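Report on the following structure.
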Amino acid sequence: GSSLRTGGHFSRVADIIVAAPPPRAVIASAMSGVTDDLARAVEAAAQRDPGYREIVAALQSRHVDVVREIIPAAAAVTLIEKIERDVEDLNEVLRAAWILRDGSRGTYDMVMGQGEIWAAEILAAILTARGLAASAMDAREVLVVEPSRSRAAPTVDWKRSREQLAAWSAAHPASDVLVVTGFVAATADGVPATLGRNGSDYSASIFAALLDAQEIHIWSDVDGVMSADPRLVSDAVVLESLSYQEASELAYFGAKLT
C-alpha cells in the first residue's frame, strides 16, 4: 500500500509495469492508509458516530484527486463517476451498520476491500493511457474461498476459482496487463470476503497459481529487510542476505516483513 501512496507513486509503479516483459499480471493493494480508514468508518458506523461519512468523503476526495492528477480528462471523468457510485453504495452499507449497530466480520468484509478495487481501477486506467491494453479484475468475481472461523486465512476453493477465472477470461478481451485486486475474494455464495490484513501478497501467490505463472515478484518501497525498525534504531541497516529460517524467526517474533 505504501507503494501507492500518491499519484506520483502510481506513476512510478506504472513505469515498472510498462518496463516488465509480457505476459504481466499485477496484484494491487489499496493506497496507503485506506484500509485502516475503512475499518475506522465501520467502527464509527457501528457505534452510531456520524463521523463515518466524513471518513468516506475524505477517501473519495483522495482517490478523485489522484485520478485527476495522473489520468487524461476523458478517462478520468468515467472513473470519477464510478468512484462516486461506489461511495453511494459504501454509505448505504455503513448506514445499515449504523441502524443495526453491526460491526460484524461480514460488514467489514463488504467494506474493507473497496480500497483495492479503486487502486486496481486507477492503475489499469493509467496503464491504458500509456498505450497498454490493461484490464482491471475484481477478484471477488474469480477467487472463491471458504472463510475461516478463526483468525486464520480462508481456504481457497481451487476448482471453483479456476472455473470462475475461465469464465471471466472468456467474457473479457485479452489484455497486455491484468490488474487484479489484492486482499479480496468471495464465498461460494458470492458474499464478499477478505484474505486477512496485509493479504495482497497472499493474493499474488494465489493468482500466480491460478494463472500458471512462472515467477512472482513482490514489490515494496523499501530496499529489503532491515536489521531493526529504523523508526526506533537510528543505525539500522539493510541486511545483505537472509536465510529462510532467519526470516521465519523474525516473522514468528512479530517483525513486519514488508
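Take residues that are modelled with pLDDT of 95 or more and tell me which of the helices (runs of 4 or more DSSP H) falling wholly in region 33-123 contain 3 or more. Talk me through it step by step, then tell me what you get.
Working: elements: 34-46, 51-70, 73-100, 105-112.
Ranges flagged: 34-46, 51-70, 73-100.
Kindly provide the set of residues from region 2-28 that are modelled with pLDDT under 95 and of a type in the set (S, T, N, Q), ordered by number.
Hits for region 2-28 are Ser2, Ser3, Thr6.
Could you tell me how many of the residues in region 220-241 are surrounded by 10 or more Cβ atoms within 10 Å (Cβ to Cβ) and modelled with pLDDT of 85 or more?
Of region 220-241, the ones surrounded by 10 or more Cβ atoms within 10 Å (Cβ to Cβ) are 220-222, 224-230, 233, 236-239.
Within this subset, residues satisfying the condition of being modelled with pLDDT of 85 or more are 233, 236-239.
Qualifying residue count for the region: 5.
Does Met110 fit the bill of being under 20 Å from Thr35 (Cβ atoms) and open to solvent by 50 Å² or more (accessible area, probe 1.4 Å)? Don't jump to the end; show me each part of the working.
Details: under 20 Å from Thr35 (Cβ atoms): yes; open to solvent by 50 Å² or more (accessible area, probe 1.4 Å): yes.
For Met110, the condition - under 20 Å from Thr35 (Cβ atoms) and open to solvent by 50 Å² or more (accessible area, probe 1.4 Å) - is met.
Take region 169-195 and flag every residue that is under 16 Å from Ala133 (Cβ atoms) and either open to solvent by less than 20 Å² (accessible area, probe 1.4 Å) or without any contact (Cβ under 8 Å) to a residue 40 or more places away in the chain (or both).
At the first step, the residues of region 169-195 found to be under 16 Å from Ala133 (Cβ atoms) are 169, 171-180.
Selection gives Ser169, Ala171, His172, Val177, Val179, Val180.
Among the candidates Arg62, Arg95, Arg12, Arg68, which residue alone is out of contact with any strand residue (DSSP E or B) (no Cβ under 6 Å at 6 or more places or on another chain), open to solvent by 60 Å² or more (accessible area, probe 1.4 Å), under 30 Å from Asp189 (Cα atoms) and not polar (S, T, N, Q)?
Arg95
I'm checking my understanding of the structure. Among residues of region 15-48 that are of a type in the set (Asp, Glu) and within 22 Å of Ala139 (Cα to Cα), which one is least open to solvent (accessible area, probe 1.4 Å)? Break it down stepwise before answering.
Step one: list which residues in region 15-48 are of a type in the set (Asp, Glu), which gives 15, 36-37, 43.
From the residues that got through so far, the ones that are within 22 Å of Ala139 (Cα to Cα) too are 36-37.
Numbers: Asp36: 81, Asp37: 41 Å².
Looking at residues that are of a type in the set (Asp, Glu) and within 22 Å of Ala139 (Cα to Cα), I get Asp37.
Between Gly131, Gly103, which is out of contact with any Cys (no Cβ under 8 Å at 6 or more places or on another chain) and either without any contact (Cβ under 8 Å) to a residue 24 or more places away in the chain or open to solvent by 80 Å² or more (accessible area, probe 1.4 Å) (or both)? Even if it seems obvious, please write down each step before you answer.
Details: Gly103 fails: either without any contact (Cβ under 8 Å) to a residue 24 or more places away in the chain or open to solvent by 80 Å² or more (accessible area, probe 1.4 Å) (or both).
On inspection, the qualifying residue turns out to be Gly131.
Is there any pair linking a residue in region 198-219 that is on the phi > 0 side of the Ramachandran plot to one that is buried (at least 18 other Cβ atoms within 10 Å of the Cβ) and part of a loop (DSSP other than H, G, I, E, B), with Cβ under 9 Å and at least six apart or on different chains, and which?
Asn198/Gly1; Asn198/Ser29; Asn198/Phe183
Among all residue pairs at least 6 apart or on different chains, which show Cβ distances below 7 Å where the first residue, located in region 60-83, is touching a residue at least 60 places away in the same chain (Cβ under 8 Å) and the second is part of a helix (DSSP H, G or I) and open to solvent by less than 10 Å² (accessible area, probe 1.4 Å)?
Correct list of pairs: Val66/Gly7; Val66/Phe10; Val66/Ile122; Glu69/Gly7; Ile70/Gly7; Ile70/Phe10; Ile70/Ile126.
The values are calculated or read from the model by the stated rules, or taken from the named source; none is laboratory data. Just so it is clear, the structure is predicted and the values come from calculations on it, not from any experiment. Note that we place each Cβ from the backbone using ideal geometry, even for glycine, and neighbour counts take in every protein chain shown. The protein model used for the area step is the full one, side chains on, heavy atoms only, and it has no ligands, DNA or RNA in it. Shrake-Rupley method; radii C 1.70, N 1.55, O 1.52, S 1.80 Å.
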